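A quick write-up on the structure given underneath.
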């Protein structure tokens, strides 16, 4: 297992947006690592966007799914959203089987996301 690493930055191409890069395995061992991300979710203002880049995410389990759904619900109450880019086949299958594929809008890459979000 590879420890989860997060890198949180502003995403200047879309106003009021943070980009969070995930690398490694997102499981129960990541609890300390996600504290900063939890803070970003808690402090997000109305209409904020969080982009989760899963390009280098290897694995997620039920703990991670629970966190993702919780963050989605929190952002939803703030009229914000979570967008996901770079989802691999394994994670896409997990999303589909659990029925949360429709909860998170997913994109192949940041360019596709930017084009869609700036056209809206």
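Quick check: from the Cα gyration tensor, does the chain come out rounded (a/c under 1.5), prolate or oblate? Present the calculation step by step, with values, prior to reporting the outcome.
Working: a/c = 1.45, a/b = 1.25, b/c = 1.16.
The shape class here is rounded.
Does the range 56-120 classify as rounded, prolate or oblate by the C-alpha gyration tensor (a ≥ b ≥ c root eigenvalues; a/c under 1.5 gives rounded; else a/b over b/c gives prolate, otherwise oblate)? Don't jump to the answer; show the numbers that get you there.
Values: a/c = 2.09, a/b = 1.18, b/c = 1.77.
Judged from the Cα gyration tensor, the range 56-120 comes out oblate (a/c at least 1.5, b/c at or above a/b).
Rounded to the nearest 500 deg cm²/dmol, what is the calculated helix-only ellipticity per residue at 222 nm for the chain, with -39500 (n - 2.57) per DSSP H run of length n ≥ 4?
One gets -11500 deg cm²/dmol as the mean residue ellipticity at 222 nm.
Which whole-angstrom value gives the distance between the alpha carbon centres of the range 38-58 and the range 1-32?
Here the answer is 8 Å between Cα centres.
Going by average Cβ neighbours within 10 Å, how do the peptides 60-67, 82-89, 17-24 rank, with the highest at the top?
Values: 60-67: 15.9, 82-89: 18.2, 17-24: 19.8.
Top to bottom by mean Cβ count within 10 Å: 17-24, 82-89, 60-67.
No value in this document is a laboratory result; all are computed from the given coordinates. Source: prediction; values computed, not measured. Here the Cβ is made from the backbone with ideal geometry for all residues, glycine too, and neighbour counts use every protein chain on show.
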